[in-house]
Amino acid sequence: MSAQRLLPTLVIGGGAWGTALAIALARNEHQTWLWTRDAEMAEVMQKQRCNTRYLPGVTLPSALEIKTDLQAAVQQAAHILIAVPSKAFAGVLDSLQPWLSDNEKPVSWATKGLLPESGAFLQQAVQSKLGSTRPLAIISGPSFAAEVAAGLPTALTVASSNVAFASDLATLLHGPQLRAYYSPDVIGVQIGGAVKNVLAIAAGISDGLQYGANARAALLTRGMAETLRLATALGADVQTMFGLAGMGDLILTCTDDQSRNRQLGLHIGQGASVAEAVHKVGRTVEGMDAAREVQMLAQQLNIEMPIVDQVCKVLFAGYDPRQSVQALLRRELKAEDSQNTV
């Protein structure tokens with residue numbers, strides 16, 4: 001396989017992230033197609049050459065074509081890149097299944113999180129519905145869609161057990177303002193992308209409570225310790241957790257107010273109810289589902305993740321955020337060992 005054999009690439013998902021990735025590919029002068037389920041929105045994007053809903057002010061490159069016929073686009077594309085919220089991920093796979101069942105067309109995704117309710121990795125869903133023999137990859141890392149679309153410097157990780165596919169996809173993405181690395185650690189990259197969203201809610205709550213920079217630094221550090229325990233138990237490479245898809249994404253999401261997960265936490269810390277905070281953010285907050293799913297996974301593996309547990313109590317059990325912070329501070333005194341203690 002060569003990078004050019006992945007063209008045309010069909011990006012599924014007309015939200016901010018899907019559009020930003022499609023823009024990045026098209027800016028590299030690669031033939032790129034973008035499909036969104038909202039036909040009216042697709043028509044506006046085609047006419048105005050802008051995703052006015054999610055990325056206002058950013059002009060779509062000429063190499064980017066908006067598609068409205070999903071079946072025809074899937075059948076004609078050489079590579080499918082899925083960029084939809086985790087809640088919609090399984091539904092997209094169901095739609096694609098009839099048109100991919102008789103081929104081994106490469107599929108990648110830029111969705112972060114786990115499958116709602118089951119807590120399974122998205123990779124498992126792709127393999128179950130689309131087969132395990134086709135090349136598969138995940139795109140992750142510290143990357144706000146608006147900054148990618150604006151052409152600001154960004155670095156990403158492409159993970160696949162098929163190293164040639166990962167390298168080729170990284171080559172497609174790699175451009176003057178976007179640096180792409182590749183990795184074989186698909187599990188580690190998925191863990192990093194899921195857990196950091198939960199920790200960003202915690203960091204937002206802490207800052208909303210005005211607990212200061214010391215508390216935020218402690219949350220990030222101990223949150224990484226929890227992530228490492230989960231990653232180790234699942235056989236991920238520890239080094240991945242200190243790379244772009246781990247530490248890089250954690251720092252970005254927990255410290256910058258562009259993060260919807262951090263925004264949610266800020267509103268809660270400032271006194272809003274969870275429902276009010278969700279309404280104020282106004283868009284999908286992946287950490288809401290990820291909190292339950294990560295907690296479920298940790299319980300299945302008998303791994304302690306106390307920060308994740310307290311976020312779940314605030315989000316779903318009505319706990320006062322201050323009560324949850326005190327619960328963390330009152331935990332038994334232990335040696336600092338990021339692998340084995342909390």
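The values are calculated or read from the model by the stated rules, or taken from the named source; none is laboratory data. Note that the structure is predicted; figures quoted are calculated from it, not measured. Backbone-built Cβ (ideal geometry, glycine too); neighbour counts: all protein chains shown. Please note that ligands, DNA and RNA were not included when accessible areas were found on the heavy atoms of the full protein model with its side chains. Shrake-Rupley method; radii C 1.70, N 1.55, O 1.52, S 1.80 Å.
See the values below:
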read-out	value
Over the chain: Rg over Rh, Cα atoms, Kirkwood Rh	0.97
Surface accessible to a 1.4 Å probe, residue 181 within the full protein complex, Å²	100 Å²
3J(HN,Hα) from dihedral phi, region 230-240, Karplus parametrisation 6.51/-1.76/1.60, rounded to Hz, x for glycine, proline	5, 4, 4, 5, 9, x, 6, 7, 4, 4, 4
3J(HN,Hα) from dihedral phi, region 156-164, Karplus parametrisation 6.51/-1.76/1.60, rounded to Hz, x for glycine, proline	10, 10, 10, 10, 7, 6, 8, 4, 5
Per residue accessible area in Å² of region 3-184, where ligands, DNA and RNA are left out and the probe is 1.4 Å	41 Å²
Packing rank of 106-116, 191-201, where each peptide gets the mean count of other beta carbons within 10 Å, highest leading	191-201, 106-116
Other-chain or far-sequence residues with amide H under 5 Å of residue 155's (modelled H)	179
Nearest-20 debye value, region 188-330 charge dipole, Cβ charges on Lys, Arg, Asp, Glu	220 debye
Surface accessible to a 1.4 Å probe, per residue, for the residues of region 215-324, Å²	43 Å²
Extreme residue, positive dipole direction of the chain, given options 71, 89, 13 (C-beta unit charges)	13
Whole-angstrom gap from region 10-63 to region 262-304, using each part's C-alpha centre	29 Å
Where N is the number of residues in region 188-330, Cα Rg divided by 2.2 N^0.38 Å	0.95
Protein accessible area in region 1-116, 1.4 Å probe - carbon and sulfur %	46 percent
Accessible surface of region 224-314 [probe 1.4 Å, protein heavy atoms]: carbon and sulfur percent	49 percent
Amide proton proximity set for residue 162, modelled H, under 5 Å, gap of 5+	136
Equivalent ellipsoid dimensions for region 3-184 as semi-axes, Å, which come from the Cα gyration tensor, largest first	23, 19, 16
Sum of -39500 (n - 2.57) over DSSP H runs of 4+, divided by residues of the chain (222 nm, nearest 500)	-16000 deg cm²/dmol
Ordering of 3-15, 125-137 by packing [mean C-beta count within 10 Å, highest first]	3-15, 125-137
Convex hull volume of region 29-125 per residue (C-alpha atoms, cubic angstrom)	116 Å³
Derived scalar couplings ³J(HN,Hα) [region 197-214; Karplus, 6.51 cos²θ - 1.76 cosθ + 1.60; whole Hz; x for Gly, Pro]	5, 5, 5, 5, 4, 4, 5, x, 4, 4, 5, x, 7, 6, 7, x, 5, 4
